[in-house]
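For reference, the structure is listed below as structure tokens.
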Amino acid sequence: MSKTKLFVYGTLKKGQPNHYFMESLTSATFVGKGKTVSVHPLVIGKSNLPMLIDHKSYGKQVNGEVYEVDADDLRDLDRFEGHPDFNNRREIDILVSYGDKNVVEKCATYFITNYAPEMLQQRCYENYDSYADHGIPYDISENPNHPDNVQSSSQSS
């Protein structure tokens, strides 16, 4: 079965609030760290969600992680990311780090589908970390399937 290289830049990265989802995918294999070749605005939007905007002439090179996933897991990721309504998945060039060697590869990633022009006025990040000192951590209530939400709702029942 063929695999797709996927670049993740937000809550799905290791150490971030939704990494549990990557760990639940049977085929997801960590390839290495990655960085966008082109600049893109990575902003923090509604519910403190990191959002990559498909606007190449503005922003920063964005750091993230590259995984390989099979078609079934890619479909699950598409549902998780709201593709194609909320986010749109497409391939872009990513500089992938294989230890001492860096290689430009085509990787799928998710861009916010519709964004307000004023989002381009927001601070752009090169690296998303929900726990950074920006003071706007990811709001897990955005994800009803997050383990912390499932656990707390079952305790209150």
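The values are calculated or read from the model by the stated rules, or taken from the named source; none is laboratory data. Given the structure is predicted, the values throughout are model-derived calculations rather than measurements. So basically every Cβ, Gly included, is an ideal-geometry build from the backbone, and we count neighbours across all protein chains shown. Keep in mind that these areas ignore ligands, DNA and RNA; they rest on the heavy atoms of the full protein, side chains included. Shrake-Rupley method; radii C 1.70, N 1.55, O 1.52, S 1.80 Å.
Quick look at the values:
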quantity	calculated
Selected residue [within 17 Å of PHE7 (Cβ to Cβ) and modelled with pLDDT under 95] from TYR138, TYR98, TYR128	TYR98
Residue check, PHE80 within 18 Å of the chain's Cα centre (by Cα), within 25 Å of THR4 (Cβ to Cβ) and open to solvent by 50 Å² or more (accessible area, probe 1.4 Å)	yes
Residue check, GLY99 in contact (Cβ under 8 Å) with a residue 24 or more places away in the chain and either of a type in the set (Asp, Glu) or more than 25 Å from ASN145 (Cα to Cα) (or both)	yes
Whichever residue in region 91-106 is over 14 Å from SER38 (Cα atoms) and assigned to a strand (DSSP E or B) and, among such residues, is most open to solvent (accessible area, probe 1.4 Å)	LYS101
Test: residue in region 15-26 that is open to solvent by less than 10 Å² (accessible area, probe 1.4 Å), modelled with pLDDT of 95 or more and either touching a His at 6+ places or on another chain (Cβ under 6 Å) or under 25 Å from GLN122 (Cα atoms) (or both)	yes
Any hit, region 7-25, residues being in a strand (DSSP E or B) and of a type in the set (Phe, Trp, Tyr)	yes
